[in-house]
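Asker: Before I ask anything, let me first share the structure, which is written out below as structure tokens.
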Amino acid sequence: MFLLGIGIGVLTNLVTASPDRWPGWAQPVVKWSWLIGAAVVAAVSVRAGWLWFRARLPAPEWTGENPYPGLAAYGGDRAPVFFGRTDDRRDLVRRVQGATAPSLRFVPVVGPSGSGKSSLVLAGLLPALGDRWTVLGPITPGTSGVDELTQLLGTEVRGAAETVLAAVRDGGPAPGPEPVLKAVRLARGTRPRVLLVVDQFEEAAVQHTEKERNLFLALLYALVTQDQRLHVVATVRSEWIGRFQEGPGAGLFTEPFMVNALEPRQIRQVVAGPAGLTDTTFEAGLVEEIVRDTGRGDALPLLSSLLSVLYDGLGRDRYISWADYGNAGKVGGAVAGRAEAAVATSGRELDTTLTTLLLFVDLLGEEPTRRPVWDDTLAAAQRDVVVAFVQAHLLTSDTDPDGRVLYEVTHEALLRQWRPLADHITTHRGTLQRITELLALAKAWVNAGRSTGYLVPVARFADLISDTTVALPEPLAEFATACTDHDETDLQRRANVAAEHALEILDDDPATAISLSLAACTELAPTSTASTALYRSLATGLRHVLTGHSADVCCARVAPDGRLATADKQGTIRIWSAEGTLLHELTGNREPVSALTFGPDGRLASGDAAGRVTVWGTDGKMIHHLDGNMDRVTDLVFAADGRLAAAGHHVLSLWGSDGKPIRRLTGDGERTAVVFAPDALLVTTGENGEIRTWGSSGPEQRRLQPAEESPVTALAVNSDGWIAAGYRNGEVRLWQPDGAPSLSDDSVEGTLMTIAGPVRDLVFSDSGHLHAVDTHRRVTSCKPNDPYNKVTESTDPDMMGVYSLLCGPDELLATVIRGDVRLCVAEGVVARIKMADTHFATVLDFSMHGRLVTATSSTVYVWDINRLARLMPRGAGAAQFKELAVLDAGLMTDTVSVLRADSGRWAVGPGRRRAEADGTTVKVRTADGALIHTLAGDQDLNARHLAFAPDGRLAVAFDHTVRVWDWDGTWLHTLEAHESPVGRMSFAPDGRLVTATTGGALRIWNTAGEVQVLEKAEDNEGTLAFACAEDGRLAAVSAGNTARLWDRDGVLHHSLTGHTEPVEHLAFAPDGALLTAAGDGSIRRWSRDGAAVQVLGVPRDGKVRGLAVTDAGLVVAGGGWDHTMWVWALDGRLLYELLPGDHSLGISMLACGPEGRLITAGVDRVRYWPGVLPLADLITDAGRCALPPLAQALRHRWMLPDESKTT
């Protein structure tokens, strides 16, 4: 208008002035002034007309925020833009306003997901009710509809709900829940009607426990029945309506209000209606395209999400084009686009996003449903995902009165339409269904105050716990942890019960004890009691229990390769692998098998009661039938070249490796024997006691006459050709291979010993010892080829009743005494072996590798003596032990150095050399007792201590001095720098000698005899203990509570304090850590830098009397007078306890040998224990045993899992 005024003024001046006076540039105006004036007037008129017209156009009817709510439902604030449900809104309003009967006043609004149920109620029904109604809610049932009502009404309703439910279940009418009815009346106020709105009612089916759902429905039923002014509207997904049409409150769901999918005309209203109210236009044909793409009417959330995106992107022209529609992803693409953008915003991987979103999914039916998730249950990465999806309006957040934030999926469309999430849900469908089911149990557990009575076996969801692709929601994760802890406690209890029973039956039924304790460790829990039972069971030495024979087993033989042949009285032979697996069953014998032997090439020879010999190949097929022409085969022997000899009554036969006969001999006595040494040595006896020997060929070699005529009752020939004969008169005579009588202390030349006749059995050991059984069933032993031979008669009462003997390694004898299989040495019984049925127990074979084969009836037992806990020989005297050390490892036993208070000083070194101190001199002998050296010491002083070095040097302490000799007896050094008597000494692993005086001084001497370390103990009360590490460090302790640690150069590095009583034992672990044990019963572990790493407490008795560490790093401590040893792992876990009952007055000392073998000493007995191993090694060892499976009844009795669950 300003410019228009200026133009008119200029034009007026020009018109009123004389044209001649106009400037030249303005002269054309004179000519065209009429046209210019007309144009200006026209422009002003058009502009004024447009402004007048616009002022009369109607303004947009919707000026609020985006009229399309996206995935959220339409609320009351969007009632003006809620289109498409005009008829349904009218019908629902009429139904609610006109209902009087309880079944009509409760209105279930039922329809499929995405059909607009919530929008119809919130934006259609509620705004139309007017001021005559009080609206309560909306609420959602969540995990407890009762609790939601409590919060809504501000009063406790659970008690009333329980009263109503109890009455309804008993068949009575629903009583009036007066406290709740009163709260409803107060909420209604002065208005005539009150409406309770419950949205997403299906949550009561998905997230409630059955009890919680019944409480909620019963309470609603009672409220609607008792209060005529109360109406309830509940939106329910159609697939869940059947769940509510049974049980309490079923009558409320008889008249549902159905919400069907929208028709195309209604979808067109949903699109175009809000656009018309907001002055928004669509490009021609676009609305129809959107209607077609929407398809089914239950896709409203997708449509609304698309329209919301399009509306947010409007320009000033408020125009939506086809291009805008395509860029938004069309129907369904908007949700996916928002989800992809949220993933990018979160900064987390897609896998993390999908795993997090599964927390928001319940799945009981075909379609997934929403599950709310509390913010404080989310991890940091999960929270990043949730925040990004909230910002994208795909998740919603809400805060409860306590300030806790609750997240929920905005609409299930996200679960179906975003393809990565939909596929992820499909992949984990089974897992999600189980999570949903178990989540109800978890919520019931929480509602019950986390009572253990609600816990379930963790096996029900063990796979869920181990599945890293699915995160367990709360409280299911907490519930799973509680179930796991409860299961572990229960498993530990059951394991202890089973293990205690295994220990009870250990002596009578070791096979069941091993199987039961192994099951306790592997199927229940590896408690210390279960581990103890497994170790003790394995320490019986039992390896296999072999069944399958149909008759009594009468003989067996162990092959050099570990195979085992067993034979029964029906002639059946079964061959087993070393692992106890049946390889072959041989059935070619018609008579009972009486002898078995394996050849060097693996062939098996069997002899039967008819005198027939059969040779079998390694494949189980028969090679030869050999007729020995004898009544019964009593012995079979293969030579190294494959020849085979058989012995029977009166007859000896010899065949070549090809089965052809070489020689046959007959005698007139009852005894025959055979051995290959180095030629075949065939032995026959006559009735007068005469013994004849023969070779493989040629005439009789020699004839051996007894001192007086007496029939031979026992005969034995060893591998060197020595012949021993026992006679009816009790004499035992021995001949050397050349036929000469052996040395004897007896007055009659050649008589080795005389026992109570007749002699019932004779047996040679591998080392040449001879053991005889007399008529009183006692054992007498000697070593014939030893010039210092001493005849030893067993006085052990447990060795009375011997019938026959088998000799195994290291002078161990096996016999059966009063139903027990007993292991003996010359001095007495060292172990008893019991089986489940010992009435017919027999000993069948005892191999030099330590395999003992026994049988009861048709069952065969195989024992590994290397794994058997047993006593060491008692020996003479019963004085208390003072020192104990394991110095060398033999095939079967460790060489043990034991110092008695009443005996001379002695020690055992490499090669089992033995050094004995006799006053001022020291004698060194071989393992067999032969004298090697006599070493002279101080003429006036007796030897106090002896010690062998790893290289064979021997150190002997004489009061203040120590003398050192080389392996060959050469004197090396005299160490004289001790100001007081030497109280202890030992060689370190590197060969240096450590000496400790009674005055408390410690010295370390190198191999040249030079002092390297000199340290005086502060208390000057003597050194109680010291230990040397592999790296040269030295630890020592005197009478105080402090241990000191020096490095290899003698520099004191640490003083270790912490014990409340004097430290008495020291030991280094393989990792270099130091362990100290004190009188207060504590064991402390110290790191290399002197820091206390852990404290191991002795469970009882409070006294450690021995401490050792195995090569595997297990800590072993003896508990003193309660007879107990404890074994810990270095991490402090108590593995097992050992209860050596043979130490009647407790354990005084213990020491570890190679491979964890353990030696314990009591007052007067020493016990050998097999390798103290980690539990995993024990389990592996037990798994190698071939034992009968535990009967199902036994498994049930001792609460083991069913076998089907453990396979």
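Asker: Which one is farthest from Gly659 (Cα to Cα), of the residues in segment 585-604 that are in contact with a Gly (Cβ under 7 Å, 6 or more places away or on another chain) and crowded, with 19+ Cβ neighbours inside 10 Å?
Answerer: Only one residue fits best here, namely Pro592.
Asker: Filter segment 360-406 for residues that are surrounded by fewer than 23 Cβ atoms within 10 Å (Cβ to Cβ) and of a type in the set (Ser, Thr, Tyr); which is farthest from Leu472 (Cα to Cα)?
Answerer: So, considering only residues that are surrounded by fewer than 23 Cβ atoms within 10 Å (Cβ to Cβ) and of a type in the set (Ser, Thr, Tyr), the one farthest from Leu472 (Cα to Cα) is Thr399.
Asker: Is it the case that Thr634 is modelled with pLDDT of 80 or more, of a type outside the set (D, E, K, R) and out of contact with any Asp or Glu (no Cβ under 8 Å at 6 or more places or on another chain)?
Answerer: When the stated conditions are applied, Thr634 passes them.
Asker: Let me ask something else about it. If you go through segment 432-447 one residue at a time, do you hit one that is farther than 30 Å from Gly154 by Cα and among the small types (Gly, Ala, Ser)?
Answerer: No - not one qualifying residue is present in segment 432-447.
Asker: Starting from segment 523-547, keep only residues that are more than 24 Å from Tyr861 (Cβ to Cβ), then list their pairs with residues that are polar (S, T, N, Q) whose Cβ atoms are within a distance under 6 Å, requiring at least 6 positions of separation or different chains.
Answerer: Glu523/Thr1206; Ala525/Gln492; Thr527/Gln492; Thr527/Asn496; Thr529/Asn496
Asker: Then there's this: Tell me which of these Asp293 doesn't satisfy, since it passes every other one: (1) at negative phi; (2) loosely packed, with under 15 Cβ neighbours inside 10 Å.
Answerer: Of the numbered conditions (1) at negative phi; (2) loosely packed, with under 15 Cβ neighbours inside 10 Å, the odd one out for Asp293 is (2).
Asker: Would you confirm whether or not segment 846-855 contains a residue that is farther than 17 Å from Arg1167 by Cβ and either among the β-branched types (Val, Ile, Thr) or at pLDDT below 75 (or both)?
Answerer: yes
Asker: Taking the residues in segment 1043-1068 that are surrounded by fewer than 18 Cβ atoms within 10 Å (Cβ to Cβ) and touching a Lys or Arg at 6+ places or on another chain (Cβ under 9 Å) as candidates, determine which candidate is nearest to Val1011 (Cα to Cα).
Answerer: Per the criteria, the residue is Arg1048.
One line per residue, one yes/no per condition, for (1) farther than 23 Å from Gly1040 by Cβ; (2) at pLDDT 80 or above; (3) surrounded by 16 or more Cβ atoms within 10 Å (Cβ to Cβ):
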residue: Thr961; (1), (2), (3): yes, yes, yes
residue: Asp968; (1), (2), (3): yes, yes, no
residue: Thr974; (1), (2), (3): yes, yes, no
residue: Ala977; (1), (2), (3): yes, no, no
residue: Gly983; (1), (2), (3): no, no, yes
residue: Pro989; (1), (2), (3): yes, yes, no
residue: Trp1005; (1), (2), (3): yes, yes, yes
residue: Ala1008; (1), (2), (3): yes, yes, no
residue: Ala1017; (1), (2), (3): no, no, yes
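Asker: Every residue in segment 700-731 that is surrounded by fewer than 19 Cβ atoms within 10 Å (Cβ to Cβ), at pLDDT below 80 and either in contact with a helix residue (DSSP H, G or I) (Cβ under 8 Å, 6 or more places away or on another chain) or within 18 Å of Val759 (Cα to Cα) (or both), please.
Answerer: Correct list: Gln705, Ala707, Glu708.
Asker: Same structure again: Within segment 214-266, count every residue that is among the aromatic types (Phe, Trp, Tyr) and either under 20 Å from Gly116 (Cβ atoms) or not in a helix (DSSP H, G or I) (or both).
Answerer: So the count comes out to 2.
Asker: Here's a follow-up. Residues in segment 555-570 that are crowded, with 21+ Cβ neighbours inside 10 Å and not aliphatic (A, V, I, L, M): how many?
Answerer: 4
Asker: Just one of Asp631, Asp641, Asp601 is more than 53 Å from the chain's Cα centre (by Cα) and outside any strand (DSSP E or B); which is it?
Answerer: Only one candidate passes the filter, namely Asp631.
Asker: Which one of the conditions (1) without any contact (Cβ under 8 Å) to a residue 60 or more places away in the chain; (2) more than 53 Å from the chain's Cα centre (by Cα); (3) surrounded by fewer than 16 Cβ atoms within 10 Å (Cβ to Cβ) does Gln226 fail to meet, given that it meets all the rest?
Answerer: (3)
Asker: Please state which of the following conditions Thr143 fails to meet, knowing it meets all the rest: (1) polar (S, T, N, Q); (2) at pLDDT below 90; (3) assigned to a helix (DSSP H, G or I).
Answerer: All conditions pass for Thr143, except number (3).
Asker: Just to verify a result, which residue in segment 183-209, among those that are in a helix (DSSP H, G or I) and in contact with a strand residue (DSSP E or B) (Cβ under 8 Å, 6 or more places away or on another chain), is surrounded by the most Cβ atoms within 10 Å (Cβ to Cβ)?
Answerer: Here the answer is Glu203.
Asker: Tally up the residues in segment 821-863 that are without any contact (Cβ under 8 Å) to a residue 24 or more places away in the chain and more than 25 Å from Pro592 (Cα to Cα), please.
Answerer: Total satisfying the criteria: 0.
Asker: For Gly1040, work out the one condition from (1) part of a strand (DSSP E or B); (2) surrounded by 15 or more Cβ atoms within 10 Å (Cβ to Cβ); (3) modelled with pLDDT under 80 it doesn't fulfil.
Answerer: Among (1) part of a strand (DSSP E or B); (2) surrounded by 15 or more Cβ atoms within 10 Å (Cβ to Cβ); (3) modelled with pLDDT under 80, Gly1040 violates only (1).
Asker: Let me ask another. Is there a residue in segment 387-394 that is over 26 Å from Arg292 (Cβ atoms), among the β-branched types (Val, Ile, Thr), assigned to a strand (DSSP E or B) and touching a residue at least 40 places away in the same chain (Cβ under 8 Å)?
Answerer: No, every residue in segment 387-394 fails to be over 26 Å from Arg292 (Cβ atoms), among the β-branched types (Val, Ile, Thr), assigned to a strand (DSSP E or B) and touching a residue at least 40 places away in the same chain (Cβ under 8 Å).
Asker: Would you confirm whether or not segment 436-448 contains a residue that is over 30 Å from Arg338 (Cβ atoms), among the basic types (Lys, Arg) and surrounded by 12 or more Cβ atoms within 10 Å (Cβ to Cβ)?
Answerer: yes
Asker: Among (1) in a loop (DSSP other than H, G, I, E, B); (2) modelled with pLDDT of 75 or more; (3) closer than 23 Å to Leu1056 by Cα, where does Val1093 come up short?
Answerer: (1)
The rows are residues; the columns are (1) at pLDDT 85 or above; (2) closer than 14 Å to Gly628 by Cβ; (3) assigned to a loop (DSSP other than H, G, I, E, B).
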position: Ser653; (1), (2), (3): yes, yes, no
position: Ser657; (1), (2), (3): yes, no, yes
position: Arg663; (1), (2), (3): yes, yes, no
position: Ala673; (1), (2), (3): no, no, no
position: Leu682; (1), (2), (3): no, yes, no
position: Glu687; (1), (2), (3): no, no, yes
position: Gly698; (1), (2), (3): no, no, yes
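Asker: Further question on the same structure: What number of residues in segment 424-473 are more than 22 Å from the chain's Cα centre (by Cα), under 19 Å from Glu210 (Cα atoms) and part of a loop (DSSP other than H, G, I, E, B)?
Answerer: Looking only at that region, the number is 4.
This table checks each residue for (1) without any contact (Cβ under 8 Å) to a residue 40 or more places away in the chain; (2) in a helix (DSSP H, G or I); (3) within 30 Å of Gln245 (Cβ to Cβ); (4) in contact with a Cys (Cβ under 6 Å, 6 or more places away or on another chain).
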| site | (1), (2), (3), (4) |
| --- | --- |
| Pro69 | no, no, no, no |
| Tyr74 | no, no, yes, no |
| Arg78 | no, yes, no, no |
| Gly84 | no, no, yes, no |
| Arg95 | no, yes, yes, no |
| Gly114 | no, no, yes, no |
| Ser119 | no, yes, yes, no |
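Asker: If you scan segment 732-756, which residues turn out to be farther than 26 Å from Asp810 by Cα and at pLDDT 80 or above?
Answerer: Ala756
Asker: Kindly provide the set of residues from segment 503-554 that are in a helix (DSSP H, G or I) and of a type in the set (D, E, K, R), ordered by number.
Answerer: Those that are in a helix (DSSP H, G or I) and of a type in the set (D, E, K, R): Glu504, Glu523, Arg536.
Asker: Moving on to the next point. Out of all the residues in segment 157-170, is one or more out of contact with any Phe, Trp or Tyr (no Cβ under 7 Å at 6 or more places or on another chain), of a type outside the set (Ser, Thr, Tyr), outside the structural domain of Val361 (by TED's automatic domain parsing) and farther than 20 Å from Ala204 by Cα?
Answerer: Yes, segment 157-170 has at least one match.
The values are calculated or read from the model by the stated rules, or taken from the named source; none is laboratory data. Remember, predicted model here, so these are calculated numbers, not experimental data. Backbone-built Cβ (ideal geometry, glycine too); neighbour counts: all protein chains shown.
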